[in-house]
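The values are calculated or read from the model by the stated rules, or taken from the named source; none is laboratory data. In this text the structure is predicted, and so the values were computed from the model without any measurement. Cβ sites come from the backbone with ideal geometry, for glycine too, and all protein chains shown count toward neighbours.
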């Protein structure tokens, strides 16, 4: 299990990765984490990632399925964490910290996960 903390609009966002499962939450929500299906997705943000979904009535469901399919191709939780950090950085999320089960938390400097 890996936990990530990212900063977005002066709020800390928590991401918990366990196998192919990813949960998201805000630190202000007292530890409540939700799967991607429960998140409010920005239409413009989804179109940045998937321009082919413009005009698609099911853009949200398609984007969620593509995200899940991409996560399933990852070989490890570390690879998934790197993907999530890099993907969210494109939208203004600043990575702060990574915690791997059984290890101390480590700061993420310059947006790059090293030596985990």
| remark: Restricted to the range 28-39 and to residues being out of contact with any strand residue (DSSP E or B) (no Cβ under 8 Å at 6 or more places or on another chain) and assigned to a helix (DSSP H, G or I), the residue modelled with the lowest pLDDT is 29
| query | Checking residue 3 against (1) in a strand (DSSP E or B); (2) surrounded by fewer than 15 Cβ atoms within 10 Å (Cβ to Cβ), which test does it fail? | reply | (2)
| Residue check: is residue 7 touching a residue at least 12 places away in the same chain (Cβ under 8 Å) and within 22 Å of residue 112 (Cβ to Cβ)? | yes
| said: Between 109, 72, which is surrounded by fewer than 12 Cβ atoms within 10 Å (Cβ to Cβ), over 12 Å from residue 5 (Cα atoms) and touching a residue at least 24 places away in the same chain (Cβ under 8 Å)? | reply: 72
| note | If we keep only residues of the range 77-116 that are closer than 14 Å to residue 17 by Cβ, in contact with a helix residue (DSSP H, G or I) (Cβ under 6 Å, 6 or more places away or on another chain) and part of a loop (DSSP other than H, G, I, E, B), then the residue modelled with the highest pLDDT is 113
| task | Identify the single condition in (1) outside any strand (DSSP E or B); (2) at pLDDT 90 or above; (3) out of contact with any helix residue (DSSP H, G or I) (no Cβ under 6 Å at 6 or more places or on another chain) that residue 74 does not satisfy, given that it satisfies every other one. | result | (3)
| field | Given (1) exposed (fewer than 11 other Cβ atoms within 10 Å of the Cβ); (2) within 16 Å of residue 3 (Cβ to Cβ); (3) in contact (Cβ under 8 Å) with a residue 40 or more places away in the chain, index of the condition residue 90 fails | value | (2)
| request: Filter the range 17-27 down to the residues that are out of contact with any helix residue (DSSP H, G or I) (no Cβ under 9 Å at 6 or more places or on another chain) and surrounded by fewer than 16 Cβ atoms within 10 Å (Cβ to Cβ), then identify the one that is farthest from residue 40 (Cα to Cα). | output: 27
| message | With surrounded by fewer than 12 Cβ atoms within 10 Å (Cβ to Cβ), modelled with pLDDT of 90 or more and not in a loop (DSSP other than H, G, I, E, B) as the only criterion, which of 52, 57, 14 stands out? | response | 52
| Do you know which residues across the range 40-49 are out of contact with any helix residue (DSSP H, G or I) (no Cβ under 8 Å at 6 or more places or on another chain) and either surrounded by 12 or more Cβ atoms within 10 Å (Cβ to Cβ) or modelled with pLDDT of 95 or more (or both)? | 45
